[in-house]
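J.: The structure is given below, and queries will be raised subsequently.
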Amino acid sequence: MGMNHKTAAVEAREKAAANCHDAPTVVARLKNDYEAREVFYLATCNRVEILAVTENVSRTKQGMQALLAVSEEKNIYTHQGIAAVSHLLQVAASLDSLVVGEPQILGQMKSAYGQTIQAGGAGLIVNKLLHFAFRTAKLIREHTRIAANPVSISYAAVELAKRIFAKLSDKRVLLAGAGDMALLAAKHLQATGVKEMVFTNRTFPLACDLAESFHGRSLAFAEMTTGIADADIVISSTGASNYIITAKMLTEALQKRRKQRPLFIIDIAVPRDVEPAVGDIDGVYLYNIDELQTVVDDNLAMRQEEAQKAIAMVAVEVEKFAEWLMSLELLPTIIALRGKIFQIVDDELGANKGWLAALPASDQERVRHLLRAVANKILHSPSEKLKEEQASDMAQGYSVILKDLFSL
């Protein structure tokens, strides 16, 4: 049971997360007060959800609703049985994410699983299910292109820079702006191992903070021309109402620059930071947010196509988990049946120990071996039949009949 970006506004999700508080709180409340046997709790910026294993469904549901601070039924989704398994696997594979294919959710789930283990919430089923989810997510990333191309403007900007240059390790990047776009671009650039990042902003302390965070260099906004002259790539994402990079500024900057050294400018601001005429200057290559958005839209469409392949893969893994889950229901029946038959053998041996004692020890062992061999042969066929049927609709029926016939 949970809520995500599709079912509930951020205020509702914040309220639920605050009420749940953390994994130890959720695990303790549901196990102690609402008859849950196992509990897994997951909270991210886009979702808050609880998975529980229980034999008292209605009681545990009451606890989950209380923890999630449910005020309106439409805010939550509830999945039970195999539908819950399918949902969790889709979450792990980022098929239920705001951005399909994003990689963060898997790390968040692994972290939540660790907290659940520490809180005592994970048992046989939660452990098996979470490992199934992690394996499924890995398979999907290996066998589909669901995460292949960028679907954020900042990431697309950095990917464009990587395509333009054979490598970025010897390149200087000037980032103008200190908002979320600049921050995300800086994170992606850092991952590529650029030679140097220089940060500039109208509010200079913000540029200094970013420079410190990314081990870069800060530059006064008034010195933008100098920064452009030294840069190989300029990424601009300020909130300015007028152009902050003009054709005149570029002409001045290029005069201080080595000849035959191209300059790539990526303008991801709205309204635009860079005067369009800049793109007409020789040696300057200008890309704006509309051009990047086209790339992002194409990539999103491609991810949706790949998502269909991923959903089919999830279905296969869900079926495998269902077979395992069904085997848990039949396994105790098989064990109990074998135990019952061998107990009869042992009881009969005990009842006849008087005349057995008259036999040589080797013959006594032969009799025991003979009786156990007969019991094994009698048990072989029903045991194998139960294993074959464990994934079918007949499994539960067989289990009930055997328990009734043999008083298990």
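Each value in this text was obtained by applying a stated rule to the coordinates, not by laboratory testing. Only a predicted model underlies this, so the values are computations on that prediction, with no experimental measurement involved. Please note: Cβ atoms are built from the backbone with ideal geometry, for glycine as well, and neighbour counts cover all protein chains shown.
J.: Report the Cα centroid-to-centroid distance between the stretch 85-152 and the stretch 334-408 in angstrom, as an integer.
T.: If we compute the Cα centre of each part, the gap is 43 Å.
J.: Next question. Calculate, axis by axis, the spread of Cα positions in the stretch 204-260 along the three principal axes, and write the results as whole Å, longest axis first.
T.: 33, 28, 17
J.: Once R0 is set to 30 Å, what does the formula 1/(1 + (r/R0)^6) return for the Cβ-Cβ distance between Leu370 and Phe406, expressed as a FRET efficiency to the nearest 0.05?
T.: 0.85
J.: Excluding same-chain residues fewer than 8 positions from Lys377, which lysines have a Cα within less than 29 Å of its Cα?
T.: Lys340, Lys353, Lys385, Lys387, Lys403
J.: What percent does the relative contact order of the chain come to when contacts are Cα pairs within less than 8 Å and at least six residues apart?
T.: 12 percent
J.: Run lengths n ≥ 4 of DSSP H only: what is the helix-derived mean residue ellipticity at 222 nm for the chain, with -39500 (n - 2.57) per run over all residues, to the nearest 500?
T.: Helix contribution divided over all residues of the chain: -19500 deg cm²/dmol.
J.: Follow-up question, since we're still on this one. For the chain, give the share of DSSP beta bridges that are antiparallel, in percent and rounded to the nearest 5; count only bridges with both residues there.
T.: Percent antiparallel among DSSP bridges in the chain is about 30.
J.: Separate question: Let me check the size of the stretch 2-148 from its C-alpha atoms; what are the radius of gyration and Dmax in Å?
T.: Values for the stretch 2-148 (Cα only, Rg and Dmax): 14.5, 45 Å.
J.: Taking a 19 Å limit on the Cα-Cα distance, which of the listed pairs Lys162/Lys248; Lys31/Lys110; Lys167/Lys195; Lys110/Lys162 fall beyond it?
T.: Lys162/Lys248; Lys31/Lys110; Lys110/Lys162
J.: Mind grabbing the base-10 log of I(q)/I(0) for the stretch 321-405 at q = 0.16, 0.25 Å⁻¹? Debye formula, identical points on the C-alpha positions, no solvent, two decimal places.
T.: Each listed q corresponds, in turn, to -0.68, -1.15.
J.: Viscosity 0.890 mPa s, temperature 25 °C: Stokes-Einstein D of the chain from its Kirkwood Cα radius, in µm² per second?
T.: Answer, rounded: 93 µm²/s.
J.: Could you tell me whether the stretch 153-293 comes out rounded, prolate or oblate from its Cα gyration tensor? Rule is a ≥ b ≥ c as square roots of the eigenvalues, rounded for a/c under 1.5, then prolate if a/b exceeds b/c, otherwise oblate.
T.: Taking the square roots of the gyration eigenvalues as a ≥ b ≥ c, the stretch 153-293 is rounded.
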